[in-house]
Amino acid sequence: MVLGYKAYVEQAAPWLSGQEVLASGMTKELERAALAVDKAQAGQDVALISGGDPGIYAMAAVVFELARVRGLALGQGGLTVEVIPGV
């Protein structure tokens, strides 16, 4: 599954064929991050597309905070989160 801000998902569209895609507008960042974590917890591979610095202005910090609040283990044996900046 691919989630992201509508404008960014549209830019990535040529590489998303065959994927389940959910694009939403501004101010829906927390909802997108929560859905991404929910889907990942359910065993689904998820890509969350965002812009800005991956650890500050983008979604990485929101995902890590959600994992912390939910008490999720990260890494081996837990939820795997990979941040890929500059893509």
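None of the figures in this text is laboratory data; all of them are computed from the coordinates on show. Bear in mind that the values here come from a model prediction, so they are computed numbers and not experimental data. Here the Cβ positions follow ideal geometry from the backbone for every residue, glycine too, while neighbour counts run over all protein chains shown.
With axes computed from alpha carbons, what is the tilt in degrees of helix 29-41 against the longest principal axis of the chain, rounded to the nearest 10 within 0 to 90?
With rounding to tens, the tilt is 60 degrees.
Order by neighbour count: Lys39, Lys6, fewest other Cβ atoms within 10 Å first, most last.
Fewest-to-most Cβ neighbours within 10 Å comes out as Lys6, Lys39.
With labels modelled as points extended 7 Å from the Cα through the Cβ direction, what inter-label distance (nm, one decimal) is found for Glu10 paired with Glu65?
Computed distance between label sites Glu10 and Glu65 equals 2.8 nm.
So how do Arg70, Arg32 line up by other beta-carbon neighbours within 10 Å, fewest first? Show your work: numbers first, answer last.
Working: Arg70 12, Arg32 21.
Ascending Cβ contact count within 10 Å gives the list Arg70, Arg32.
Could you list Ser50, Ser24 so that the one with the fewest beta carbons within 10 Å of its beta carbon is first and the one with the most is last?
Ranked by crowding around the Cβ, least crowded first: Ser24, Ser50.
Between Leu22 and Ala34, what is the label-to-label distance in nm when each label sits 7 Å out along the Cα-to-Cβ direction?
1.1 nm
Considering the chain as a Gaussian network with a 10 Å cut-off on Cα pairs, which listed residue, Ala36, Ala13, Ala67, attains the greatest mean-square fluctuation?
Most flexible of the set in this elastic network: Ala13.
Would you tally the net charge around Tyr8, using a Cβ to Cβ cut-off of less than 13 Å, leaving Tyr8 out, and scoring K and R as +1, D and E as -1? Could the numbers behind the result be given before it?
Values: positive: Lys6, Lys28, Arg32; negative: Glu10, Glu29.
That sum, taken over residues with Cβ under 13 Å, equals +1.
Please give me the summed charge of the neighbours of Ala36: other residues whose Cβ is under 14 Å from its Cβ, Lys and Arg +1, Asp and Glu -1.
-3
In angstroms, what radius of gyration and Dmax does region 2-70 have, counting Cα atoms only?
11.6, 35
Asp53 versus Ile84, label points 7 Å from Cα toward the beta carbon: distance in nm?
2.3 nm
Ignoring everything except DSSP H segments at least 4 long, calculate the 222 nm mean residue ellipticity for the chain; use -39,500 (n - 2.57) per segment, divide by total residues, nearest 500.
Value at 222 nm, helices only, nearest 500: -10500 deg cm²/dmol.
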